[in-house]
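Novice: For reference, the structure I am asking about is given below.
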Amino acid sequence: MTTSGLGIVPLFSENAKFNGTNWPTWKEAIIMVIDSKGAEGYLDSSIICPVPASKIPIIIVTKAPEAMSTIASPTPSLIIILISKTYWDSLTPSIREWKTYNAWTKMLLLFNTTELTGLGIDTSGTAVDAWKTYMDLYDKKT
């Protein structure tokens, strides 16, 4: 099982950072770090940012179905949802967890790359967006 702790973003030596010519070895090193965290979903988009609760439609039922009319139960006036901390590879992180894990993953990529703009790496979006740029520009060459 993967751990839920973030830990420090590993920084490669200057020689091991991506420089446009060392794609196969750099990609392998990045994948090893990502695998150790269980963070593959933050690169392959299998873990998506959850929809904020305020944007989820709420259906209010004012009348119980007839099949339930014989069950005597009080009508709840408040529902409390308990949210526990999720692991890196959880497909259902909270919005805050997703943002934190995504930022860590993106930092891993960007902090271990030299000359980001010179190499054409997209730094404006998510870790998935950045990884897609690396893959589109460099994975086809290997």
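The values are calculated or read from the model by the stated rules, or taken from the named source; none is laboratory data. Keep in mind that this is a model prediction, so the values were computed, not measured. Glycine also receives a Cβ, built like all others from the backbone with ideal geometry; neighbour counts cover every protein chain displayed.
Novice: I'd like the full set of residues that are part of a loop (DSSP other than H, G, I, E, B) and closer than 18 Å to Asp35 by Cα, limited to the range 84-125.
Specialist: Here is the first cut: in the range 84-125, the residues part of a loop (DSSP other than H, G, I, E, B) are 84-94, 112, 114-115, 120-125.
Correct list: Thr86, Tyr87, Trp88, Asp89, Ser90, Leu91, Pro93, Asn112.
Novice: Right, another one. Among the residues of the range 1-15, is any out of contact with any Phe, Trp or Tyr (no Cβ under 7 Å at 6 or more places or on another chain), at pLDDT 95 or above and surrounded by 10 or more Cβ atoms within 10 Å (Cβ to Cβ)?
Specialist: For the range 1-15, residues out of contact with any Phe, Trp or Tyr (no Cβ under 7 Å at 6 or more places or on another chain), at pLDDT 95 or above and surrounded by 10 or more Cβ atoms within 10 Å (Cβ to Cβ): present.
Novice: Is there any pair linking a residue in the range 78-96 that is on the phi < 0 side of the Ramachandran plot and at pLDDT 50 or above to one that is part of a loop (DSSP other than H, G, I, E, B) and aromatic (Phe, Trp, Tyr), with Cβ under 9 Å and at least six apart or on different chains, and which?
Specialist: Pro93/Tyr87
Novice: Another question about this same structure. If you check Lys141, Lys99, which single one turns out to be at pLDDT below 95, among the basic types (Lys, Arg) and farther than 17 Å from Trp23 by Cα?
Specialist: Lys99
Novice: Moving to a separate point now. Filter the range 10-49 for residues that are closer than 20 Å to Asp129 by Cβ, under 15 Å from the mean Cα position of the chain (by Cα) and outside any helix (DSSP H, G or I) and give the result.
Specialist: The answer is Ala39, Glu40, Ser45, Ser46, Ile47, Ile48, Cys49.
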